[in-house]
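**Student:** Quick one: the structure is below, questions incoming.
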Amino acid sequence: MNELLLARWQFGITTIYHFLFVPLTLGLSVLVAIMQTMYVRTGDETYKKMTKFWGKLFLINFAMGVVTGIVQEFHFGMNWSEYSRFVGDIFGAPLAIEALLAFFLESTFIGIWIFGWDKLPKKLHALSIWVVAIGSSISALWILIANSFMQAPVGYALRNGRAEMTDFLALITNPHIFYQYPHTVLGGYVTGAFFVMGISAYYLLKKRDLEIFRRSFKIGLIFGLISVFLVTTVGHMQGQYLVKTQPMKMAAAEAHWETADPAPFVAVAVVDEKNQTNSFEIAIPKMLSFMSYNTFSGEVKGLKELQAEAEVQYGPGNYIPPVTPIFWSFRIMVGAGTLMVFVALVSLYFWRRGTLESKPMVLKALLWSIPLPYLANSTGWYMTEAGRQPWVVYGLQKVENGVSSSVSAGEILITLIGFTLIYGVLALAALYLILKFIKQGPEQPVQTKLDITDKGVSLWT
């Protein structure tokens, strides 16, 4: 294995680890803030118990997100120094703002929230968790601004073999952000909602702390239904946008080799990338044109024509990304999303009828649905990044030209194994803590009793 392959594996593995925790941070922070707001508004101690229980799980997840995220930035200097040299002036700006602004907000106010219970006024303390939630969303924004430049470069000029920023406003208003950002954040909201719904379903199955988890489930269900329909809508709009701006990525996601008008949608296929065809497929006539343009007519360019255009524009080379994994990752993402919609609607039906707690199969389905948003998030991320291949910055720099020239394959392999093992241990520790606190349940108030006997008075808890 060469340096390029190992560097890609290392960055991919650490990113997947990190991205397991980011969506839950985005979603659960908002849900915890909503629960604490309800406690402040009503003074009901049940909402306080809810807030502390879900807040504890949020803190474990948040800590893991921070630990796994910090390491990623070292990759740019160690394994991808040529990439950093080429676009560092542009790519570094939003990352620096994210650290100085968003991460500062998150880390400062999460400390205030942790240690401020019963010390700060209730409204001010509740505000601190809202700032954490807002900071998490701002953090995602600046990271996606940086990523959007890699997907669709804007506001730059090439000087002395480097890309230099010429228009900061163009960078932060990149049209790509307006589709990628809401899709990512809403995916996080869905993750948080299904996490709350699934664990609440576990307690409803066990008939434990029913009042707390009935309310938790209701909040998660409403939040999840809104989010899952919004993320589906935004995802469809993003797909139509990418048909225009990154047609190669979308053609790979559909295993669409030949230009057609109208274009069929390939539901299932056995892709033969060597011969640039599908050896087997089940297709729905005209449906790809409808998905792309909301009409049953419209030309959708195929991979072969797009490859020929890329050769004219960029020179000889293979510009088709890995079709098979992108094709199936897209279908796994959509399939997971469809299952979440179905589970949420079935849950709504029985919840409205008041019979949800008497339906153990539905409650178990909710519990086992917790991994679905993680699956959708990870496969969606893979499609986004792998679909840009062979470019690290679309149209400007290929991946092979971004890797460091001074790092050996052996050095990358050692750190790859080290990071994988350490992250694996951390992931197991996080899972252990989460499961431990889930089984333990919400904190019970301390009961203080006064015993009066002929021997005196004793106070015990």
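**Student:** Among the residues of segment 169-177, are any surrounded by fewer than 21 Cβ atoms within 10 Å (Cβ to Cβ) and without any contact (Cβ under 8 Å) to a residue 12 or more places away in the chain?
**Tutor:** yes
**Student:** Further question: From the set of residues in segment 422-432 that are among the hydrophobic types (A, V, I, L, M, F, W, C) and under 14 Å from residue 21 (Cα atoms), which is surrounded by the fewest Cβ atoms within 10 Å (Cβ to Cβ)?
**Tutor:** The initial filter retains those residues of segment 422-432 that are among the hydrophobic types (A, V, I, L, M, F, W, C), namely 422, 425-431.
Narrowing further to those that are under 14 Å from residue 21 (Cα atoms): 426-431.
Numbers: 426: 15, 427: 15, 428: 10, 429: 12, 430: 19, 431: 12.
The selected residue is 428.
**Student:** Right, here's the next one. What are the residues in segment 200-214 that are buried (at least 19 other Cβ atoms within 10 Å of the Cβ) and touching a Gly at 6+ places or on another chain (Cβ under 7 Å), if any?
**Tutor:** Selection gives 200, 209.
Yes or no, residue by residue, for (1) within 26 Å of residue 51 (Cβ to Cβ); (2) within 17 Å of the chain's Cα centre (by Cα):
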residue: 127; (1), (2): yes, no
residue: 135; (1), (2): yes, yes
residue: 145; (1), (2): no, yes
residue: 149; (1), (2): no, no
residue: 152; (1), (2): no, no
residue: 165; (1), (2): no, no
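**Student:** Can you name the residue in segment 178-199 that is surrounded by fewer than 24 Cβ atoms within 10 Å (Cβ to Cβ) and among the hydrophobic types (A, V, I, L, M, F, W, C) and, of all such residues, is farthest from residue 141 (Cα to Cα)?
**Tutor:** 199
**Student:** Quick check: is even one residue across segment 69-82 acidic (Asp, Glu), surrounded by fewer than 19 Cβ atoms within 10 Å (Cβ to Cβ), free of Cβ contacts under 8 Å to residues at least 40 places away in the same chain and more than 30 Å from residue 125 (Cβ to Cβ)?
**Tutor:** Yes, because at least one residue in segment 69-82 is acidic (Asp, Glu), surrounded by fewer than 19 Cβ atoms within 10 Å (Cβ to Cβ), free of Cβ contacts under 8 Å to residues at least 40 places away in the same chain and more than 30 Å from residue 125 (Cβ to Cβ).
**Student:** To continue, here is another question. Considering 194, 178, 213, which residue is under 10 Å from residue 24 (Cα atoms) and either touching a strand residue (DSSP E or B) at 6+ places or on another chain (Cβ under 9 Å) or assigned by TED's automatic domain parsing to the domain that holds residue 145 (or both)? Spell out how you get there, then give the answer.
**Tutor:** Details: 178 fails: under 10 Å from residue 24 (Cα atoms); 213 fails: under 10 Å from residue 24 (Cα atoms).
Exactly one residue qualifies, and that residue is 194.
**Student:** Has segment 254-275 got any residue that is under 26 Å from residue 229 (Cβ atoms), among the acidic types (Asp, Glu) and either within 31 Å of the chain's Cα centre (by Cα) or buried (at least 17 other Cβ atoms within 10 Å of the Cβ) (or both)?
**Tutor:** yes
**Student:** So, in segment 46-66, how many residues would count as being polar (S, T, N, Q), more than 17 Å from the chain's Cα centre (by Cα) and closer than 17 Å to residue 27 by Cβ? Break it down into steps so the answer makes sense when it comes.
**Tutor:** Taking segment 46-66 and keeping what is polar (S, T, N, Q), we get 46, 51, 61.
From the residues that got through so far, the ones that are more than 17 Å from the chain's Cα centre (by Cα) too are 46, 51.
Narrowing the set further to residues that are closer than 17 Å to residue 27 by Cβ leaves 51.
Count: 1.
**Student:** Right, here's the next one. Across segment 285-338, which residue is farthest from residue 271 (Cα to Cα) among those that are in contact with a Phe, Trp or Tyr (Cβ under 6 Å, 6 or more places away or on another chain) and not in a helix (DSSP H, G or I)?
**Tutor:** Out of the qualifying residues, it is 296.
**Student:** Is there a residue in segment 257-274 that is polar (S, T, N, Q) and assigned by TED's automatic domain parsing to the domain that holds residue 305?
**Tutor:** Taking every residue of segment 257-274 in turn, at least one turns out to be polar (S, T, N, Q) and assigned by TED's automatic domain parsing to the domain that holds residue 305.
**Student:** Now, a different point. For residue 130, state whether it is part of a helix (DSSP H, G or I) and at pLDDT 95 or above.
**Tutor:** yes
**Student:** Residues that are crowded, with 16+ Cβ neighbours inside 10 Å, part of a helix (DSSP H, G or I), in contact (Cβ under 8 Å) with a residue 12 or more places away in the chain and among the small types (Gly, Ala, Ser): does segment 105-125 have at least one?
**Tutor:** No, because not a single residue in segment 105-125 is crowded, with 16+ Cβ neighbours inside 10 Å, part of a helix (DSSP H, G or I), in contact (Cβ under 8 Å) with a residue 12 or more places away in the chain and among the small types (Gly, Ala, Ser).
The values are calculated or read from the model by the stated rules, or taken from the named source; none is laboratory data. Model, not experiment: these values are computed from the prediction. A quick note on method: Cβ atoms are made from the backbone with ideal geometry, for glycine too, and the neighbour counts reach across all protein chains shown.
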